[in-house]
Amino acid sequence: QVADMRQRHSIDPALLQDIIRGCESDLSPQRFETWEDLQQYSYRVASTVGLILLPLFGANEEARDYSISLGHYLQLTNIIRDVGEDLENGRRIYLPLADLARFHYSENDLVGRVYDERFLALMHFEAERAEGIFEETARLLPRGDRKALRAAEVMRKIYYSLLQQIRRNQFQVFDRRYRISNLKKFGILVRQYIS
């Protein structure tokens with residue numbers, strides 16, 4: 001069925017290969033030295049999915065940059081939300097090690113779940129980076145694809161709401177998992193489709 005879908009929608013097989021590589025890289029814990037390194041990972045596990053969906057949504061090739069940016073945004077927000085959960089799952093750390101060093105917060109601090117001003121500064125830094133990508137993604141949305149990409153925009157706004165909830169709660173990511181209520185998701189959905 002995947003082969004049929006690929007042929008029917010002219011999906012680049014390299015995108016499917018990138019997804020497989022991304023999934024393979026998650027089989028064992030890894031570390032990312034820099035934001036650029038992390039972007040390679042988020043491209044493979046998130047941006048490629050969006051690129052595959054573009055023809056299925058009826059969007060144009062001009063939406064490619066939007067889709068790549070959205071993938072980076074969604075994945076970084078997931079990483080911020082899942083810091084504690086990833087540590088429990090084989091001591092996985094997705095935050096770039098260079099960012100930890102920037103705030104004098106070590107890998108051992110993270111594994112030890114040290115919650116202090118250094119950790120908060122690190123997490124605010126990552127959240128601001130995510131918000132910058134959120135805004136850039138909106139600018140990259142082609143006017144002609146606004147209708148085709150409504151579902152993608154719903155996801156972008158739901159994740160923005162999630163990120164704001166985490167920030168308001170001062171990044172209590174070691175001991176809780178943040179979620180957006182179904183009611184709030186529905187409200188975002190309705191606003192997107194009537195705007």
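Overall, the accessible surface of segment 78-195 at a probe of 1.4 angstrom is composed of carbon and sulfur to the extent of 50 percent.
Averaging the sequence gap over all C-alpha pairs within less than 8 Å and six or more residues apart, then dividing by the number of residues, gives the chain a relative contact order of 23 percent.
Between segment 67-116 and segment 146-195, the C-alpha centres lie 20 angstrom from each other. With all protein chains kept in place, the per residue accessible area of the chain amounts to 53 square angstrom at a probe of 1.4 angstrom. The figure for residue 184 is an accessible area of roughly 90 square angstrom, using a 1.4 Å probe on the protein chains alone.
Database remark: amide H of residue 32 closer than 5 angstrom to the amide H of 97 (H placed geometrically; neighbours at sequence offset of 5 or more, or on other chains; Pro and chain starts carry no H).
The values are calculated or read from the model by the stated rules, or taken from the named source; none is laboratory data. As the structure is a prediction and not an experimental result, all values here were calculated from the model. Remember, those area values only see protein heavy atoms, side chains included, never the ligands or the DNA or RNA. Shrake-Rupley method; radii C 1.70, N 1.55, O 1.52, S 1.80 Å.
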